[in-house]
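Contents: one structure, followed by commentary.
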Amino acid sequence: MIQVRGLCKAYRDRAVLDGVDLDVPAGTVFSLLGPNGAGKTTTVNILTTLIRADAGEATVAGHSVTAEPAAVRAAIGVTGQFSAVDRLLTGAENLAMMGDLQHLPRARTRQRTAELLERFDLADAAGRRAGTYSGGMVRRLDLAMSLIGEPRILFLDEPTTGLDPRSRRTMWRIIRDLAAGGVTVFLTTQYLEEADELADRIAVLDRGRLVAQGTPAELKRLVPGGRVSLQFADPAGLAAAARALGDDSPGDPDTLTLQVPSDGSVASVKALLDRLDGSTVTNLSIHTPDLDDVFLALTEVTPA
């Protein structure tokens, strides 16, 4: 649904995007990660036809973002970093306004407004001014507004920033439901847990260049540090396990634990236990790198 080749964008002498390539399959959640200033919002702005790239090609829903911008806009919905909600209008009026802007027939606008208010749990607040809504309600209304025209592709630029944990998880459920219904979701986020929870594929952008792409599991395997922690009932069991594993270290005698490098897979853990030669393990825990580790390993620190 989205294909990008060699995308470049610079402001004066600063390159914001430097040869970015992306492929986003239909009906998936794709997350673009990166530190502040990495080029995430610039990428979204180019793909949604808000700004032009300096070089490269991009197609969205089969349409060129430069040659066919109107066709691209007809296929997408956008929820940006800053809310598009008019707080002087009611929830229903905000949705009706979006229907008018997209030239939907009045009857269709009324139908979609009712559907979306119900879907986003806003029906009881439909007649209230949006200025009286909570932050989570405003964000849900903002997302509902981007869906009024039933887009095939939805761009979400940091959609849960500032939300409390409960509201954030509500948004996650909505995003999962949209993808399950066939909508392609292009998500940027500062919350790595969010990308891990939602994304089928992730790309990491740093200083305008893609430094990694893959599934969350594939990206985690790029970072060393996985281990299995084994705890034993007594020092004799710890020492026997260390000998069986050929480990020069006796482990930690205070906690009676032994740390063994591992990728955390079922096969590797089973092979490890088979090597223990009868040593009794009282507790086992698996520690694998998370997306925080991936992010810190792949992105550079910008000097203050």
Among residues of region 200-220, those that are touching a residue at least 60 places away in the same chain (Cβ under 8 Å), closer than 27 Å to A180 by Cβ and in a loop (DSSP other than H, G, I, E, B), counted: 1
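Any idea how many residues of region 143-161 are without any contact (Cβ under 8 Å) to a residue 40 or more places away in the chain, within 16 Å of V85 (Cα to Cα) and more than 12 Å from the chain's Cα centre (by Cα)? Break it down into steps so the answer makes sense when it comes.
Going through region 143-161, the residues without any contact (Cβ under 8 Å) to a residue 40 or more places away in the chain turn out to be 150, 160.
In the following step, the residues that additionally are within 16 Å of V85 (Cα to Cα) were identified as 160.
Narrowing further to those that are more than 12 Å from the chain's Cα centre (by Cα): none.
Final tally of qualifying residues: 0.
Suppose we filter A67, A58, A26 for residues that are farther than 17 Å from R207 by Cα, in the same structural domain as Q102 (by TED's automatic domain parsing), of a type in the set (G, A, S) and assigned to a strand (DSSP E or B); which single one remains?
Details: A67 fails: assigned to a strand (DSSP E or B); A26 fails: assigned to a strand (DSSP E or B).
The unique qualifying residue is A58.
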Exactly one of L187, L178 is surrounded by 18 or more Cβ atoms within 10 Å (Cβ to Cβ), assigned by TED's automatic domain parsing to the domain that holds L95 and either outside any helix (DSSP H, G or I) or touching a residue at least 40 places away in the same chain (Cβ under 8 Å) (or both), and that one is L187
Residue hits (region 269-292; at pLDDT below 85 and outside any loop (DSSP other than H, G, I, E, B)) are H287
Looking at region 205-216, can you tell me whether even one residue there is more than 18 Å from the chain's Cα centre (by Cα) and among the polar types (S, T, N, Q)? no
Criterion violated by N94 - all others in (1) under 24 Å from the mean Cα position of the chain (by Cα); (2) part of a helix (DSSP H, G or I) satisfied: (1)
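Can you give me the number of residues within region 70-91 that are part of a loop (DSSP other than H, G, I, E, B) and among the small types (G, A, S)?
So in region 70-91, the residues part of a loop (DSSP other than H, G, I, E, B) come out as 80-89.
Subsequent filtering for residues that are among the small types (G, A, S) retains 80, 83-84.
Total meeting the criteria: 3.
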The conditions are (1) over 24 Å from T42 (Cβ atoms); (2) not in a helix (DSSP H, G or I), and R243 fails exactly one of them. Which is it? (2)
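Tally time: how many residues in region 1-52 are of a type in the set (K, R) and either in contact with a strand residue (DSSP E or B) (Cβ under 9 Å, 6 or more places away or on another chain) or surrounded by 19 or more Cβ atoms within 10 Å (Cβ to Cβ) (or both)? Working first, answer last.
Applying the first criterion (of a type in the set (K, R)) to region 1-52 yields 5, 9, 12, 14, 40, 52.
Right, trim to either in contact with a strand residue (DSSP E or B) (Cβ under 9 Å, 6 or more places away or on another chain) or surrounded by 19 or more Cβ atoms within 10 Å (Cβ to Cβ) (or both) and you get 5, 9, 40, 52.
Adding up the residues that qualify gives 4.
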If T41 satisfies every condition in (1) within 25 Å of E197 (Cα to Cα); (2) modelled with pLDDT of 95 or more; (3) part of a helix (DSSP H, G or I) but one, which is the exception? (2)
Return the only residue of D196, D293 being in the same structural domain as G6 (by TED's automatic domain parsing), surrounded by 18 or more Cβ atoms within 10 Å (Cβ to Cβ) and of a type outside the set (F, W, Y). D196
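Among residues belonging to region 78-103 that are in contact with a Gly (Cβ under 7 Å, 6 or more places away or on another chain) and at pLDDT 95 or above, point out the one that is surrounded by the fewest Cβ atoms within 10 Å (Cβ to Cβ). Write out each step before concluding.
Within region 78-103, the first condition is being in contact with a Gly (Cβ under 7 Å, 6 or more places away or on another chain), and the residues that meet it are 87-88, 90, 92, 102.
From what's left, at pLDDT 95 or above: 87-88, 90, 92.
On the way: R87: 12, L88: 10, T90: 19, A92: 21.
For region 78-103, the residue satisfying everything is L88.
The values are calculated or read from the model by the stated rules, or taken from the named source; none is laboratory data. All values derive from a computational prediction rather than experimental measurement. Please note: Cβ atoms are built from the backbone with ideal geometry, for glycine as well, and neighbour counts cover all protein chains shown.
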